[in-house]
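Novice: Below you'll find the structure I mean.
Values quoted throughout were computed directly from the atomic coordinates according to the rules given, and no laboratory measurement underlies them. Keep in mind it's a predicted model, so treat the numbers as computed, not measured. Every residue, glycine as well, gets a Cβ built from its backbone with ideal geometry; the counts of neighbours run over all protein chains shown.
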Amino acid sequence: MKTEGVNIRTFSSPREEEYLKAQQGRTALEIGCYVGWTTRLLAERFEKVIVIDTFEGEAEKKNAGNVDVLREFKRNTKRYRNIRILKGCSFLRIFDIDFSEVDFIFIDGGHDYETACGDILISAFRSRTGCEIAVHDTRPSKNKNIAVVQALNRLLPLIPVTAVRYIDSICHFVRARRGRFDLIRHIERQLDNIKYYVLYELGFYFWLFQKSKGGKNGRKNSENG
Ligand SMILES: C[S@@+](CC[C@H](N)C(=O)[O-])C[C@H]1O[C@@H](n2cnc3c(N)ncnc32)[C@H](O)[C@@H]1O
């Protein structure tokens, strides 16, 4: 689909699109929505789609011909009334999500190692048992996306998941039954790299801090509600 400034059909293969179209449920969370191609697929199938994006990535602006990525996103998705935009860095905005209502998470945000680790780890940490999680770009192509592959390989053995399968470059898994604090201990036992530990500690204390401020009901600074 061609829009004014951006070819919005972006980074997914036909098989990946079929996979996304086959998902359904109450709420989907998309981390990294760019100009909205995959968001539209999800918005057809879910009652609500929450997207997190900085809308500021330089590479994305270049791809989009230096157009305003947020404006393009809004234009491309204007016929959907079920999309909530959280503008900002995933590491911060992810704490505005009520994960108890999220059935499906599509991770396609920052492709550097630290951001990918953070998005995968926090999603796995906060999601409910049975939540389906999909991580995009988990197959390296032409030396791109190596960091995402490394992040996933690093974390997948540490988090409780079942039903791992691949659909082209998407890695799909289901959050398995395990209490939040079991998960913390499980991760603690296995982490040998201080960076992960600091990341996870920061995330956890930030989450506690948010909760003490009133949690999801205490924040009203999203783009559209
Ligand atoms: C590959 S694009 C997403 C493509 C989209 N899912 C699709 O297939 O149409 C990655 C997006 O992640 C966003 N992004 C990068 N780093 C981010 C971060 N730390 N927090 C939130 N969004 C980020 C970029 O702005 C960009 O729009």
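Novice: Only loop residues by DSSP count here, and only those with at most 16 other Cβ atoms within 10 Å; note down the trypsin sites (Lys or Arg not before Pro) in the stretch 24-120 that meet that. Present the calculation step by step, with values, prior to reporting the outcome.
Specialist: On the way: sites: Arg26, Arg40, Arg45, Lys48, Lys61, Lys62, Arg71, Lys74, Arg75, Lys78, Arg79, Arg81, Arg84, Lys87, Arg93; in loops: Lys78, Arg79, Arg81.
Answer by residue number: Lys78, Arg79, Arg81.
Novice: Within a Cβ distance under 9 Å of Cys33, other residues only, what is the Lys/Arg minus Asp/Glu net charge?
Specialist: Summing Lys/Arg as +1 and Asp/Glu as -1 gives -3.
Novice: Further, regarding this structure: Compute the whole-percent fraction of alpha carbon pairs in the stretch 70-142 spaced more than 15 Å apart.
Specialist: Distances greater than 15 Å cover 62 percent of the Cα pairs.
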